[in-house]
1. Taking 0.36 nm per residue of sequence separation and subtracting the Cα-Cα distance, how much length would be gained by fully extending the chain between N32 and A63, in nm to one decimal?
2. Can you give the Rg and Dmax of segment 1-44 based on its C-alpha atoms, in angstrom?
3. In Å, what Rg and Dmax follow from the Cα atoms of segment 2-77?
4. Per-residue HN-Hα couplings for segment 2-13, Karplus 6.51 cos²θ - 1.76 cosθ + 1.60 at θ = phi - 60°, whole Hz, x for Gly and Pro?
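Laboratory data are not the source of any read-out in this text; all were calculated from the coordinates shown. Remember, it's a predicted structure, so these values are computed and weren't measured experimentally.
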Amino acid sequence: MKEIINKIQNKNHKEAYEYTKQLLIQSMQNDNLYQKMEDFIPLLSHTSSYVRTRAFQLCMAQARWDTQGKKNIFQFSNKSSKTPNQL
């Protein structure tokens, strides 16, 4: 998972964007990243808006697999310094 997080934060935004697109396609096909969704949450507070956007897209892509409403990104985001209203 650390490799995924690092690639999402890649300073080469074109490479990071392409990688994120691959993850989004994968997320449409299976729930492999669903259990790792909590690892994307800290990135919602990243200093780079590009990284925040990628993290948000990945969190939202996992929502399709949350059929019982168990995951709440705002619940997990309390670990960051931002509140849901600030996101």
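1. 9.9 nm
2. Radius of gyration, then largest Cα-Cα span, for segment 1-44: 10.3, 28 Å.
3. Both quantities, over Cα of segment 2-77: 11.7, 37 Å.
4. Computed from phi, the couplings for segment 2-13 are 4, 5, 4, 4, 5, 5, 5, 8, 3, 5, 7, 5 Hz.
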